[in-house]
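Undergrad: Questions regarding the structure given below will be posed in turn.
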Amino acid sequence: MRSHYCGGLNKTHIGEEVVLKGWVHRRRDHGGVIFLDVRDRDGVAQVVFDPDREESFNLADSVRNEFVIEVHGLVRGRPEGTINSEMPTGEIEVLGKELVILNKSETPPFQLDEHQQVGEDVRLRHRYIDLRRPEMQEKMRFRSKVTNAIRNFMDDNGFLDIETPILNRATPEGARDYLVPSRTHEGSFFALPQSPQLFKQLLMVSGFDRYYQIAKCFRDEDLRADRQPEFTQIDIETSFMDEEEIMGMTETMIRKLFLDMLDVDLGDFPRMPYSEAMQRYGSDKPDLRFPMELVDVADLMAEIEFKVFAGPAKDPNGRVAALKVPGGAQLTRKIIDEYTKFVGIYGAKGLAWIKVNELEKGVEGLQSPIVKFLGPDVAMAIMERLEAKNGDIIFFGADKEKVVSEALGALRIKVGEDMNMAQCEWAPLWVVDFPMFEETDKGSLTALHHPFTAPSCSAEELKANPLDALSRAYDMVLNGCELGGGSVRIHDQAMQKTVFGVLGISDEEAEEKFGFLLNALKFGAPPHGGLAFGLDRLIMLMTGTDSIREVIAFPKTQSASCMMTEAPGIVSAAQLRELNIKLRKTP
């Protein structure tokens with residue numbers, strides 16, 4: 001039986017007999033003495049085999065990297081001059097007395113200490129080996145500690161851990177459902193949950209006034225670095241608490257988590273209305289580490305002859321905005337061209353710019369292909385509004401409001417990162433006062449969060465001016481990432497029907513899809529609300545990694561496939577017949 005983990009050994013164990021079990025991380029032969037670095041989930045320990053123990057020495061000579069071994073030995077201090085201060089176990093070594101090879105290993109597809117040169121596809125195909133790397137082991141261990149800390153906080157605050165069903169019926173929550181065909185109900189399908197939303201509301205109706213769950217959720221949507229088809233959510237719901245109380249409690253949890261796990265004090269989280277965030281930063285999850293802001297200049301552009309600017313300036317749905325980058329005049333034309341391609345991802349047709357070289361010379365001190373279209377008065381008025389200084393560059397966006405906000409908002413982050421303009425390491429905030437609805441391209445309305453979010457106005461006001469209605473929703477944002485989002489829910493049946501009506505959901509459709517919820521709201525549903533955090537995204541931020549695939553044990557690729565198991569896969573004709581499914585070839 002193992003007596004210690006490798007990484008747990010230190011000089012206090014000198015003189016103790018130990019039993020270690022793990023993998024051979026590295027083997028070295030130094031002048032007839034064999035060194036094995038033995039690795040387990042806790043770290044690495046150096047084991048020394050002398051030739052005077054012939055049997056164990058010969059075995060040590062035969063092992064190779066990734067062999068699984070058992071070592072019996074004596075802990076001793078390392079000789080003078082051989083202490084490794086960069087290694088947690090660097091003050092000691094184990095004198096090997098007995099060695100047992102528990103399993104041999106073929107040469108792995110990549111060396112665990114040279115993973116930087118290995119492509120992600122190779123790592124994901126052999127994920128069980130990739131997870132042996134010390135940095136991956138540390139991330140998984142850190143993730144476990146975070147979830148344990150969250151459970152402790154929830155338990156200390158009176159929350160109950162309650163599981164909700166995985167096999168549900170399809171509900172409109174903003175993304176495609178993963179469907180599961182039913183064998184026993186021909187032609188019918190279950191849906192994997194996009195979130196436990198409806199069930200946690202029903203738990204509030206049931207009297208469990210404080211619920212939480214570390215829940216698996218599923219969304220069949222296009223993937224990005226911070227999204228996966230299946231992901232883990234810290235799901236929280238509570239009764240008899242308003243938005244201020246819910247935000248205060250969950251903010252306390254996150255602040256405690258960062259303080260305990262990273263020794264980081266996030267401080268108080270500022271509040272920012274959605275409209276302000278979009279106007280100043282072009283995003284509903286602004287990264288406040290970067291000081292730059294978007295400035296509207298449509299009023300200055302409305303009367304110029306240059307239609308590229310004047311058209312959007314006069315359009316009620318248009319926007320003309322400017323982004324000043326301090327010190328950006330040093331940017332080369334090649335870099336500006338790259339930024340032009342970048343904003344094209346967000347629908348921008350181009351990227352106009354002005355370099356401020358010598359402001360004291362007036363318009364003559366400005367360098368730009370567009371200055372001649374603006375005229376000296378407008379150009380200098382823009383300089384004054386943006387408080388431009390020599391050495392700055394100003395980027396412009398002119399298009400539909402959504403395009404300009406998204407394009408310049410994304411450019412703001414990219415330029416800030418490229419030029420190392422972050423003024424702090426962590427910048428949290430709450431974004432509040434979201435609109436209840438937004439208009440689709442087809443002119444219909446859709447819920448900005450979900451249709452169970454409570455409005456901050458009456459039902460009559462909601463019906464009269466749905467696009468002006470604000471919701472009682474709130475998002476926690478950290479460094480430009482949405483850590484979690486939530487809202488006070490609708491607990492009144494009449495209000496819920498009103499929202500369905502605004503969304504064009506008929507009484508028949510509402511009864512078919514949500515009849516169980518509407519019925520529950522008739523029987524004394526308490527005021528309630530909650531919030532859900534993305535656990536994968538939280539761990540990604542806390543560990544300083546760029547992708548949530550790095551903090552999930554067995555992630556999917558960006559095409560929603562598993563390179564290791566080759567899922568999704570083809571099923572047999574017999575299985576399809578049992579499910580009454582016939583595949584149709586696409587033309």
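Coordinate-derived values only; no laboratory data. Source: prediction; values computed, not measured. Reconstructed Cβ throughout: ideal geometry from the backbone, glycine too, with neighbour counts over all protein chains shown.
Undergrad: Between Ile214 and Ser444, how high is the FRET efficiency from 1/(1 + (r/R0)^6) when r is the Cβ-Cβ distance and R₀ = 41 Å? Nearest 0.05.
TA: 0.70
Undergrad: Which peptide among 49-57, 36-44 comes first, and what is the full order, when sorted by highest mean count of other Cβ atoms within 10 Å? If you can, show how the numbers build up before the last one.
TA: Details: 49-57: 14.9, 36-44: 20.9.
Averaged packing, sorted descending, gives the order 36-44, 49-57.
Undergrad: Determine ³J(HN,Hα), in whole Hz, for all residues of region 234-243 in sequence, where each value follows from phi through the Karplus function 6.51 cos²θ - 1.76 cosθ + 1.60 and θ = phi - 60°; x replaces Gly and Pro.
TA: 8, 9, 10, 9, 8, 9, 6, 10, 8, 5
Undergrad: Sort Leu323, Leu517, Leu167 so the one with the fewest other Cβ atoms within 10 Å of its own Cβ comes first. Show your work: numbers first, answer last.
TA: Values: Leu323 24, Leu517 21, Leu167 11.
Neighbour counts put them in this order, fewest first: Leu167, Leu517, Leu323.
Undergrad: I've got another one for you. Using only the alpha carbon atoms of the chain, find the Kirkwood hydrodynamic radius as the inverse mean reciprocal pair distance, in angstroms to one decimal.
TA: 28.4
Undergrad: Gain in length, His30 to Glu509, computed as 0.36 nm per residue apart minus the alpha-carbon separation, to one decimal in nm?
TA: 164.8 nm
Undergrad: Can you compute the FRET efficiency between Phe142 and Phe554 using 1/(1 + (r/R0)^6), with r the Cβ-Cβ distance and R0 = 25 Å? Round to the nearest 0.05.
TA: My answer for the efficiency is 0.90.
Undergrad: For the chain, take the longest principal axis of its alpha carbons; what is the angle in degrees between that and the long axis of helix 507-521, to the nearest 10 within 0 to 90?
TA: 60
Undergrad: Now for a separate question. Which whole-Hz ³J(HN,Hα) couplings does region 525-541 yield from phi under the Karplus relation 6.51 cos²θ - 1.76 cosθ + 1.60, θ = phi - 60°, glycine and proline marked x?
TA: 6, x, x, 7, x, x, 7, 10, 9, x, 5, 4, 5, 4, 5, 4, 5
Undergrad: A further question follows. Between 0 and 90 degrees, rounded to the nearest ten: what's the tilt of helix 493-502 against the longest Cα principal axis of the chain?
TA: The helix 493-502 is inclined about 70 degrees to the chain.
Undergrad: Shifting gears a bit: As I understand it, the dipole of region 107-257 uses +1 on the Cβ of Lys and Arg and -1 on the Cβ of Asp and Glu, about the Cα centre. Which of Gly158, Val205, Ser182 lies farthest toward its positive end?
TA: Ser182
Undergrad: Here's another thing I want to ask about it. Where both residues lie in the chain, what percent of DSSP beta bridges are antiparallel, nearest 5?
TA: Among the beta bridges of the chain, antiparallel pairing accounts for roughly 95 percent.
Undergrad: Taking H placed 1.01 Å from N in the peptide plane, check which residues at least 5 places from Ile92 or on another chain put their amide H under 5 Å from its amide H.
TA: For Ile92, the qualifying residues are Arg78.
Undergrad: With equal scatterers on the alpha carbons only and no solvent term, can you work out the Debye log10 of I(q)/I(0) for region 6-103 at 0.10, 0.15, 0.19, 0.24 1/Å?
TA: Result of the Debye calculation: -0.22, -0.50, -0.83, -1.37.
Undergrad: Under 5 Å between amide H atoms, partner at least 5 residues away or on a different chain: which partners does Leu160 have, H built in plane at 1.01 Å?
TA: Correct list: Arg210, Tyr211, Tyr212.
Undergrad: Over the alpha-carbon set of region 290-423, divide Rg by the Kirkwood Rh and report the Rg/Rh ratio to two decimals.
TA: Radius of gyration over Kirkwood radius for region 290-423 works out to 0.93.
Undergrad: Now for a separate question. Please state the charge dipole magnitude for region 290-423, taken about the Cα centre, from unit charges on C-beta atoms (+1 on K and R, -1 on D and E), reported in debye and rounded to the nearest 20. The partial results should precede the final answer.
TA: Details: 17 positive and 20 negative charges, 85 e Å.
Roughly 420 debye, rounded to the nearest 20.
Undergrad: So if I place +1 on the C-beta of Lys and Arg and -1 on the C-beta of Asp and Glu, and nothing else carries charge, what would the dipole magnitude of region 468-587 be about its Cα centre? I want it in debye, nearest 20. Could you put the intermediate results ahead of the total?
TA: Working: 12 positive and 14 negative charges, 80 e Å.
That gives region 468-587 a dipole magnitude of about 380 debye.
Undergrad: Which order do Asp284, Asp260, Asp299 fall in if you start with the one that has the fewest other Cβ atoms within 10 Å?
TA: Neighbour counts put them in this order, fewest first: Asp299, Asp260, Asp284.
Undergrad: Let me ask something additional. Give the angle, between 0 and 90 degrees and rounded to the nearest 10, that separates the Cα long axis of helix 401-418 from the longest principal axis of the Cα atoms of the chain.
TA: Taking Cα atoms only, the helix is inclined about 40 degrees.
Undergrad: Of Ser405, Ser188, how do they rank once you tally other Cβ atoms within 10 Å and put the fewest first?
TA: Ser188, Ser405
Undergrad: Still on this structure, I have one more. Be a star and scan region 45-69 for residues whose amide nitrogen sits under 20 Å from the point 7 Å along the Cα-to-Cβ vector of Thr107.
TA: Counting backbone N atoms under 20 Å from the label point, the list is 61-68.
Undergrad: While we're looking at this one, here's another question. Hey, any idea what the orientation-averaged projected area of the convex hull of region 473-536's Cα atoms comes to, in nm²?
TA: 5.7
Undergrad: Under a 5 Å amide H to amide H cut-off, with H placed in plane at 1.01 Å, what residues pair with His528 once short-range neighbours are removed?
TA: Correct list: Phe240, Arg489.
Undergrad: A further question follows. Once you list every other residue whose beta carbon is under 12 Å from the beta carbon of Asp265, what net charge do they have if Lys and Arg are +1 and Asp and Glu are -1?
TA: So the surrounding residues net to -2.
Undergrad: Sticking with this one: Excluding Arg176 itself, what net charge comes from residues whose Cβ is under 9 Å from its Cβ, given Lys and Arg +1 and Asp and Glu -1?
TA: -2
Undergrad: On to the next question. Would you mind putting 536-542, 74-80, 240-246 in packing order, based on average other-beta-carbon counts within 10 Å, highest first?
TA: 536-542, 240-246, 74-80
Undergrad: Please state the relative contact order of region 290-423 as a whole percent: Cα pairs under 8 Å, 6+ residues apart? Mind dumping the intermediate values first?
TA: Working: 230 pairs, mean separation 47.3, N = 134.
It comes to 35 percent, rounded to a whole number.
Undergrad: Separate question: ³J(HN,Hα) across region 13-23 via Karplus (A = 6.51, B = -1.76, C = 1.60, θ = phi - 60°), whole Hz, x for Gly/Pro?
TA: In residue order, the calculated couplings are 9, 4, x, 8, 7, 10, 10, 10, 9, x, 10 Hz.
Undergrad: Please compute the net charge surrounding Cys457, taking Lys and Arg as +1 and Asp and Glu as -1 over other residues with Cβ under 15 Å from its Cβ.
TA: Charge balance near Cys457 sits at -4.
Undergrad: Follow-up. Taking the Cα centre as origin and putting +1 on Lys and Arg beta-carbons and -1 on Asp and Glu beta-carbons, what dipole magnitude results for the chain, to the nearest 20 debye?
TA: Magnitude of the dipole: close to 1460 debye.
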